[in-house]
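The values are calculated or read from the model by the stated rules, or taken from the named source; none is laboratory data. These figures come from a predicted structure and were not determined experimentally. Quick reminder, even Gly has a Cβ in these numbers, built from the backbone with ideal geometry, and neighbours come from all protein chains shown.
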Amino acid sequence: MWVSAPAWADEADTEGEEESSAEPASDLAPAYPGFPDPVLMKRARTYRAVGVTLSVLGGVSLLVSFNVSLAVIRSGNEDQLNSMNGWLIPMGIVTGIGLQLGAPLWTVGGEMVRQLTRNTRGDEKLRREVANDRRYWQGRTMNAFGTSMALTGGLSVVMGALMLVGGIWVVQREAEFAEAGIAPSPNFIGVPIAVLGGGAAVLVAGLEIRKAGLERAERVREAYATTQLIPVPFVDPVGRSAGLVVAGRF
């Protein structure tokens, strides 16, 4: 038995096309025949730019809101303390959106640019067909956003647990606060429970989205990998040999 791939390369290419055409919904048909796909390249740079902008905006908003809040609390000015919610809530929303959306977009956009420009700098270099397939990047995007959601949900669970412990401590000392003329609000228990439950839901949803994204990206990679090497049977009456030729395109 012997193997000679070059002699059978053209035939293997033909058989590979026949086998791939049998895949449902043209799974192996690239969205754009050239490399890199200009639409993907534009999308990658847009993701990276928007991700960097949102991440910086969210980080700056977090630092500003934290330091300003600390300064207002230390000042003891009642007017400023009463007006904190007017600007603290919007800045909190900006911080959440900036970090929640910015980090995944930055991550995916940077990865896309590195793979499409073939400048991976030590990272795994994908096959050109995979890097040029939009379905692969859909899976990677789902993975990035799922990871971000899972981290946010996990942090919310921790914060909710800490807030719940503090709320229970306040409720247990309700009599002491009543003597001081302070009536603890039911929100000391209700809000932490809501934060805890919401965080757990976001955590589970994020993990599911992350898993689905990883599976989608891996299916695209496996589909291309299985069509690269094709066993071709042969019989050589003159040489009195027979066997399989493994041929492929690289």
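Values computed for the structure shown
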| quantity | calculated |
| --- | --- |
| Residue in region 128-138 that is modelled with pLDDT of 70 or more and not in a helix (DSSP H, G or I) present | yes |
| Members of region 219-236 that are modelled with pLDDT of 70 or more and not hydroxyl-bearing (Ser, Thr, Tyr) | 219, 220, 221, 222, 223, 225 |
| In region 55-85, residue farthest from the chain's Cα centre (by Cα) [restricted to those that are under 27 Å from residue 109 (Cβ atoms) and small (Gly, Ala, Ser)] | 65 |
| One residue from 146, 153, 160, 199 being crowded, with 19+ Cβ neighbours inside 10 Å, at pLDDT 75 or above and under 30 Å from residue 37 (Cα atoms) | 146 |
| Residue in region 65-72 that is in contact (Cβ under 8 Å) with a residue 24 or more places away in the chain, within 27 Å of residue 154 (Cβ to Cβ), in contact with a Lys or Arg (Cβ under 8 Å, 6 or more places away or on another chain) and surrounded by 15 or more Cβ atoms within 10 Å (Cβ to Cβ) present | no |
| Region 122-137 - residue that is touching a helix residue (DSSP H, G or I) at 6+ places or on another chain (Cβ under 6 Å) and of a type in the set (Asp, Glu) and, of those, farthest from residue 45 (Cα to Cα) | 129 |
| Residue check, residue 109 within 24 Å of residue 150 (Cβ to Cβ), out of contact with any helix residue (DSSP H, G or I) (no Cβ under 7 Å at 6 or more places or on another chain) and part of a helix (DSSP H, G or I) | no |
| Meets criteria (surrounded by 16 or more Cβ atoms within 10 Å (Cβ to Cβ) and either in a helix (DSSP H, G or I) or at pLDDT 90 or above (or both)) for residue 206 | yes |
| Cβ pairs under 8 Å, 6+ apart, first in region 44-58 and without any contact (Cβ under 8 Å) to a residue 60 or more places away in the chain, second among the β-branched types (Val, Ile, Thr) | 51/107; 51/108; 54/97; 57/94; 58/94; 58/95; 58/97 |
| Exclusive hit being in contact with a Lys or Arg (Cβ under 8 Å, 6 or more places away or on another chain), at pLDDT 85 or above, within 28 Å of residue 101 (Cβ to Cβ) and in the same structural domain as residue 103 (by TED's automatic domain parsing), set 114, 216 | 114 |
| Any hit, region 17-25, residues being over 36 Å from the mean Cα position of the chain (by Cα), over 30 Å from residue 106 (Cβ atoms) and at pLDDT below 75 | no |
| Test: residue in region 48-62 that is in the same structural domain as residue 125 (by TED's automatic domain parsing), loosely packed, with under 13 Cβ neighbours inside 10 Å and either in a loop (DSSP other than H, G, I, E, B) or modelled with pLDDT of 75 or more (or both) | no |
| Single residue of region 86-121 satisfying the filter (within 17 Å of residue 43 (Cβ to Cβ) and over 18 Å from the mean Cα position of the chain (by Cα)) that is surrounded by the most Cβ atoms within 10 Å (Cβ to Cβ) | 116 |
| Tally of residues being free of Cβ contacts under 8 Å to residues at least 24 places away in the same chain and under 19 Å from residue 64 (Cα atoms) across region 85-116 | 7 |
